[in-house]
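Okay, structure first, notes after.
Values in this text are rule-based calculations from the coordinates and carry no lab data. Computed from a predicted model, the values in this text were never measured in an experiment. Cβ atoms come from the backbone with ideal geometry, glycine included; neighbour counts cover every protein chain shown.
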Amino acid sequence: MVISGKELAAKLKAEMAEQVAEFPGKYGRVPHLVVILVGNDPGSQTYVRNKEKACDVVGFKHTTYRLPEDTPEQEVLDRIAELNADDSVDGILVQLPLPRHISETKVIEAIAKEKDVDGFHPLNTAALWQKRPNNTCVVPCTPMGIIKLLEEGNVEIAGKKAVVLGRSQIVGLPISKLLLDRNATVTICHSRTKDLAEVTRQADILVAAIGKAKFVTGDMVKEGAAVIDVGMDLDENGKLCGDVDFASVEPKASVITPVPGGVGPMTICCLMSNTIQCFLNRFTQK
Ligand code: NAP
């Protein structure tokens, strides 16, 4: 079965739109997401436009600051400080990657953790790994989207062997923790893993997040595995594809996500739900 992230995201955004429509009556306003985009990276421009469209669908107020490529780091940090202090702003997202002269670490740490809708702030990361009770931390969008896709596909996680390809801070590590929290037995692979195919063939749930076009082929996958393809790569013809070779893997998989139309739309959908979470936290934690 192919799980459509596009369809699931549309359904969840429609539900969120209904929820948001009630906010003015309950809280006096709707959530406000601010996006900062520095420079002219074409991929980032597209991502930001898609985020703006999603905000319109769910009914958020949104503001995008498009800053020139040569914007000094301090100017970005000052802008974040202003937004942190602005009571009318619920979520702040700085589109990555940033131009080389701007430190991503400094920028991520500058965003107030309560407005960190990407869930990249070290305090949100720590809260995720400590699994604190009454946890109101924000979980990164792509991993949360993967969990929702697995739920949509009725994939049982508890007791299953999950193999995650990739150990990045934004995908590989947090999805491993979310799967572990749901009682999977998790193996994390990376560029130094030996006999990778041996490991992937044991997976009941296989998450590919390495950034290598069509890397995972049918012979690397167990019959009946659930396969989630996070990759956003370009194939030999310059067309968008995933880390998974869909043609050879799909016949073996019990469920699989396509690229495009799989994890990507769910990432944006979870950005919307994280913004609602930050908005609601501000009213309930006062
Ligand atoms: P990243 O930071 O570049 O990390 C890639 C990871 O893959 C690293 O941990 C690396 O290992 C591992 N790796 C690389 N080659 C490998 C190999 N041959 N065998 C095993 N592991 C290997 O990438 P990322 O930011 O996590 O993104 C991964 C992919 O997901 C990219 O295509 C990206 O565009 C996509 N992505 C999609 C979304 C979405 O919303 N759909 C969101 C985020 C990312 P080492 O640690 O040893 O270097």
Cα shape, the range 141-263, gyration tensor, a/c 1.5 rule | rounded
Under-5 Å amide H pairs with residue 241, H placed in peptide plane, nonlocal only | 233, 234, 235
Tell me, what HN-Hα J-couplings in whole Hz come from the Karplus equation 6.51 cos²θ - 1.76 cosθ + 1.60 at θ = phi - 60° for each residue of the range 94-107, using x for Gly and Pro?
-> 9, 5, 9, x, 9, x, 3, 7, 10, 6, 4, 4, 4, 5
Which residues' amide hydrogens lie under 5 Å from the amide hydrogen of residue 161, considering only partners 5 or more residues apart or on another chain, with H built in the peptide plane?
-> 185, 204, 205
Relative packing of 179-191, 208-220, which averages over residues the other C-beta atoms within 10 Å, highest first | 208-220, 179-191
Sort the following peptides by mean Cβ neighbour count (other Cβ atoms within 10 Å, averaged over residues), highest first: 37-43, 142-148.
-> 142-148, 37-43
Within the range 1-86, which GluC sites (Glu not before Pro) sit in a loop by DSSP and count at most 16 neighbouring Cβ atoms inside 10 Å?
-> 22, 69
Based on DSSP, what percent of beta bridges with both residues in the chain are antiparallel, to the nearest 5?
-> 5
Euclidean distance between Cα centres, the range 108-164 to the range 35-65, Å | 22
Proxy reagent accessibility, fewest Cβ within 10 Å first, across 58, 48, 76 | 48, 76, 58
What dipole magnitude, in Debye to the nearest 20, does the chain give about its Cα centre under +1 on Lys/Arg Cβ and -1 on Asp/Glu Cβ?
-> 580
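Show me the ranking of peptides 106-114, 159-167 by mean Cβ neighbours inside 10 Å, starting with the highest.
159-167, 106-114
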For residue 255, the residues 5 or more places away or on another chain with a placed amide H closer than 5 Å to its own amide H are 226, 227
Counting DSSP beta bridges with both ends in the range 141-263, the antiparallel % (nearest 5) = 10
Given the rule -39500 (n - 2.57) for each run of at least 4 DSSP H residues, summed and divided by the residues of the chain, what is its mean residue ellipticity at 222 nm, to the nearest 500 deg cm²/dmol?
-> -13000 deg cm²/dmol
